[in-house]
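The values are calculated or read from the model by the stated rules, or taken from the named source; none is laboratory data. It should be emphasised that the depicted structure is a prediction, and the values quoted were computed from it without experimental measurement. Please note: Cβ atoms are built from the backbone with ideal geometry, for glycine as well, and neighbour counts cover all protein chains shown. The area values use the complete protein model at the heavy-atom level, side chains included, leaving out ligands, DNA and RNA. Shrake-Rupley method; radii C 1.70, N 1.55, O 1.52, S 1.80 Å.
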Amino acid sequence: EKKNKSNMQRRLVRNIVANSKVIARSQVCGSMMMKNMNTIKKQQGHQYVSFNTKSMIQLGQQQLLRAYTTEAPDGVEIVELPSVSPTMTEGVIVEWFVAEGDKVEPGDILCSIKSDKAVVEFEYQEEGYVAKILEEASDNPVPVRKPIALIVEEEGDIEAAKGFTPSYEEEGQEEVKEEEVVEEQKAPEPAKEEAKTETKTASSSDDRIRASPFARKLAIEKGIDIGAVVGTGPNGRVVAADVEEYTPSARKAMPDVIASADYEDTPTSMMRATIAKRLLESKTQVPHYYLTVEVEMDALMEARALINKRGNGEYKLSVNDFIIKAAALAMREVPEVNSSWQGDVIRQYKNVDVSVAVQTDNGLITPIVPKAEGTGLVGISNKVKELATKARENTLQPHEYQGGTFTVSNLGMFGIKEFSAIINPPQACILAVGTASKKITQNAEGDYESVAVMNATLSCDHRVVDGAVGARWLKAFKANMEDPLRLIL
């Protein structure tokens, strides 16, 4: 009876997915579908319907909808490529751990997937047999939620399932408004003016271009001016296919000296593409401002040397460990900095989860030291070393790099005296730290002395952190660094 109920649940969900392409054309249709789901839930008495359909057909203006144009046979489960990070749109299947015909049980690992951040193992949560692998392990990226395998409930269904290949389409969900804007009807232009009109339409401002939300999103990701794309949709509307097929005009010829220069092109990795996209969004959409303070480092250097000496090789604290701890404790005095912009609200976090910038061969990644305000220096040191090793080996798990409430970026080991870092949204601030260098300064008694000074620059999101708030945080950070007992006691 339990098995029959499970089969009935799967068939019902598959029917929902198969019909979602037609139903989920708009938010209006989406709300109608949810009403239908509630009706089905009441009729069938299955609590799972409400949960699964919400996860499958969330209807947002910018969300992508993937649909199968061919319904799967009974007993065949279509396995999709999962999203293992918030920024992931495609992934690379690194290795399959099962073969066609193998039996799988809940918790078995099907394959390892390389996302834009790390390599993650994909666990399957049901019982069955692998009937067909649709996407082999390779370096070619696979879109999120594209079918990658077929799994059947009974071993005897394997042969029948091998003849089935689901068709897959990716569509941009278009926003449908109840009130349509009625455009003024213009008299037809003479035939001679048609070419000019088309050119004008293509080059007009973005807000006057008729384009689907997904086409606009795709154009931003690809760095394409949506106004330069000629639409083939209804009334000249630009659709996703137009952006995909768009070919920019040939570049102007460069001088011979540059054209003949020797060079090498390196393909853009998924991580590098994600970094480029997020940094561009941050720099263009987040109102940055910068505050810099000088921190005297002599007392901290002495304390660090003493602590490491007493460690007898069991641990070795770095300056960065002290910086992370000092930043986390400064949040207790100025908690407004430990916040993020959420559009309609500013979210202030209770714990300080510090993201630490780590350079890898594939690009920059920011693993997280959780609850740093309550973690000792040795604990922070061990955690940072562990995360840095995983980052360079590309084995970080999603929970180890997703989130974070504040970021520290330290280039002091490269001799950089001072720099300004780009904020990591939705965080409100990032601290950029340079190297410590000697400086002649006058002490309280009026005598001149040589001290080690480090520059720290705080990049702030002005929507969340005002200048005075940022200044108070830097003052607290400076006090923590210059009195290392605060970090120990």
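Structure values in brief
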{"read-out": "Residues of region 267-285 satisfying the condition of being surrounded by fewer than 16 Cβ atoms within 10 Å (Cβ to Cβ) and of a type in the set (Val, Ile, Thr)", "value": "THR268, THR284"}
{"read-out": "Residue match in region 323-339 (condition: farther than 19 Å from VAL469 by Cβ, in contact with a helix residue (DSSP H, G or I) (Cβ under 6 Å, 6 or more places away or on another chain) and touching a residue at least 40 places away in the same chain (Cβ under 8 Å))", "value": "yes"}
{"read-out": "Hits in region 94-127 (condition: more than 30 Å from PRO426 (Cβ to Cβ) and among the β-branched types (Val, Ile, Thr))", "value": "VAL98, VAL104, ILE109"}
{"read-out": "The lone exception for PHE477 - which of (1) over 20 Å from GLN285 (Cα atoms); (2) in contact with a Ser or Thr (Cβ under 9 Å, 6 or more places away or on another chain); (3) among the aromatic types (Phe, Trp, Tyr); (4) buried (at least 21 other Cβ atoms within 10 Å of the Cβ) it fails", "value": "(2)"}
{"read-out": "Odd one out for ASP466, checked against (1) surrounded by 13 or more Cβ atoms within 10 Å (Cβ to Cβ); (2) in contact (Cβ under 8 Å) with a residue 24 or more places away in the chain; (3) not aromatic (Phe, Trp, Tyr)", "value": "(2)"}
{"read-out": "Pairs with Cβ under 7 Å, 6+ apart, first in region 207-235 and in a loop (DSSP other than H, G, I, E, B), second surrounded by 13 or more Cβ atoms within 10 Å (Cβ to Cβ) and of a type in the set (Ser, Thr, Tyr)", "value": "ILE224/TYR246; VAL229/TYR246"}
{"read-out": "Residue within region 436-449 that is out of contact with any Lys or Arg (no Cβ under 6 Å at 6 or more places or on another chain), crowded, with 18+ Cβ neighbours inside 10 Å, in a strand (DSSP E or B) and not aliphatic (A, V, I, L, M) present", "value": "no"}
{"read-out": "Close pairs (9 angstrom Cβ cut-off, 6 or more residues apart or separate chains): on the phi > 0 side of the Ramachandran plot in region 93-121, surrounded by 16 or more Cβ atoms within 10 Å (Cβ to Cβ) and aromatic (Phe, Trp, Tyr) anywhere", "value": "GLY101/TYR129; GLY107/TYR124"}
{"read-out": "Filter pass, LYS417 being open to solvent by 70 Å² or more (accessible area, probe 1.4 Å), assigned to a loop (DSSP other than H, G, I, E, B), modelled with pLDDT of 90 or more and within 23 Å of ARG472 (Cβ to Cβ)", "value": "no"}
{"read-out": "Residue under evaluation THR232, criteria (1) touching a strand residue (DSSP E or B) at 6+ places or on another chain (Cβ under 9 Å); (2) loosely packed, with under 15 Cβ neighbours inside 10 Å; (3) of a type outside the set (D, E, K, R); (4) at pLDDT below 80, criterion not met", "value": "(4)"}
{"read-out": "Members of region 132-145 that are open to solvent by 50 Å² or more (accessible area, probe 1.4 Å) and either at pLDDT below 90 or polar (S, T, N, Q) (or both)", "value": "ASP139, ASN140, PRO141, ARG145"}
{"read-out": "Test: residue in region 306-316 that is open to solvent by 70 Å² or more (accessible area, probe 1.4 Å) and under 15 Å from THR407 (Cβ atoms)", "value": "no"}
{"read-out": "Residue in region 106-118 that is open to solvent by less than 40 Å² (accessible area, probe 1.4 Å), among the hydrophobic types (A, V, I, L, M, F, W, C) and modelled with pLDDT under 85 present", "value": "yes"}
{"read-out": "Test: residue in region 245-266 that is within 31 Å of the chain's Cα centre (by Cα), open to solvent by less than 60 Å² (accessible area, probe 1.4 Å) and either at pLDDT below 75 or more than 20 Å from LEU280 (Cβ to Cβ) (or both)", "value": "no"}
{"read-out": "Residue count for region 103-137, restricted to those that are more than 27 Å from ARG272 (Cα to Cα) and outside any loop (DSSP other than H, G, I, E, B)", "value": "9"}
{"read-out": "Residue match in region 85-102 (condition: within 22 Å of TYR401 (Cα to Cα), open to solvent by 50 Å² or more (accessible area, probe 1.4 Å), in a loop (DSSP other than H, G, I, E, B) and at pLDDT below 85)", "value": "yes"}
{"read-out": "Qualifying residue in region 388-396 (condition: open to solvent by less than 50 Å² (accessible area, probe 1.4 Å), at pLDDT 95 or above and not in a helix (DSSP H, G or I))", "value": "no"}
{"read-out": "Residue in region 361-370 that is nearest to LYS390 (Cα to Cα), counting only those that are buried (at least 19 other Cβ atoms within 10 Å of the Cβ) and in contact with a helix residue (DSSP H, G or I) (Cβ under 7 Å, 6 or more places away or on another chain)", "value": "PRO367"}
{"read-out": "Hits in region 355-399 - residues which are over 17 Å from the mean Cα position of the chain (by Cα) and closer than 19 Å to ASN338 by Cα", "value": "VAL369, PRO370, LYS371, ALA372, GLU373, GLY374, THR375, ILE380"}
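Table: residues versus (1) surrounded by 24 or more Cβ atoms within 10 Å (Cβ to Cβ); (2) in contact with a Phe, Trp or Tyr (Cβ under 9 Å, 6 or more places away or on another chain); (3) outside any helix (DSSP H, G or I).
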{"position": "ILE324", "(1), (2), (3)": "yes, no, no"}
{"position": "ARG332", "(1), (2), (3)": "no, no, no"}
{"position": "SER340", "(1), (2), (3)": "no, yes, yes"}
{"position": "ASP344", "(1), (2), (3)": "no, no, yes"}
{"position": "ARG347", "(1), (2), (3)": "no, yes, yes"}
{"position": "LYS350", "(1), (2), (3)": "no, no, yes"}
{"position": "GLN359", "(1), (2), (3)": "no, no, yes"}
{"position": "GLY379", "(1), (2), (3)": "no, no, no"}
